[in-house]
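Every number in this text was worked out from the coordinates using simple rules, so none of it is lab data. Please read these numbers as outputs of a predicted model, since none were measured by experiment. A quick note on method: Cβ atoms are made from the backbone with ideal geometry, for glycine too, and the neighbour counts reach across all protein chains shown.
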Amino acid sequence: MEHAEHDIKVPKGALLAAGALVLFALTATATSRLTGVGSVHMTLPAMVESRSLQFEDSADGSVLVYDASDRKLLHSLAPGESGFVRVVLRGLARERKLAAIGSEPPFRLARFENGQLTLTDTSNNKQIDLNAFGSSNLAAFARLMKNQDSSQ
């Protein structure tokens, strides 16, 4: 049985056009990254309320929430409750551990004019838009903004 050879010929112009397209895409991406031209930046409205918080795990599995300014206990999140808050905090704590940052720098919970709520890790300025996770998850963090002691 003989093997037939098939020569596939691609026109030189098509190869040059494909190469030019790839080069253009890389150049446009690099230019946008380096100069910021063509990129979209979210500008937050005015902040109307903020609170600096520190979180600590307790021996019974609760997460203790302190006001960072005076170390007053604000809330105690019992094991099995506030799952979304725990997940967000675990992710941020993992990033801090990888960067060899301790738990001393506070987190800033902020509310803006438009109702948007953000959590910012002040050690690296990583900001999480909590509104993006739905109203029930947003409410879990909004409770931490209120001045209520966990013993009430």
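Some values worked out for this structure:
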item: Estimated distance in nm for a label pair at His6 and Thr122, the labels positioned 7 Å out from Cα along Cα-to-Cβ; result: 6.8 nm
item: Charge sum, other residues only, whose C-beta stays under 13 Å from Pro79's C-beta, Lys/Arg counted +1 and Asp/Glu -1; result: -2
item: Helical mean residue ellipticity (222 nm; -39500 (n - 2.57) per DSSP H run of 4+; nearest 500) of the chain; result: -11000 deg cm²/dmol
item: Length-normalised contact order for the chain - Cα pairs under 8 Å, 6+ apart - percent; result: 20 percent
item: Estimated FRET transfer efficiency (Ala25, Arg94; beta-carbon r; R0 41 Å; 0.05); result: 0.75
item: Selected from Leu15, Leu92, Leu77 as most flexible by GNM, with the chain as the system and alpha-carbon contacts under 10 Å; result: Leu15
item: Extension gain from Asp57 to Asn131, taking 0.36 nm per residue of separation minus the Cα-Cα distance; result: 24.1 nm
item: Rg(Cα) / (2.2 N^0.38 Å) computed for the chain, rounded to two decimals; result: 1.70
item: Under 11 Å, Cβ to Cβ, from Leu44 - net charge with Lys/Arg +1 and Asp/Glu -1; result: -1
item: Cα gyration tensor shape of region 1-79, rounded if a/c is under 1.5, else prolate or oblate by comparing a/b with b/c; result: oblate
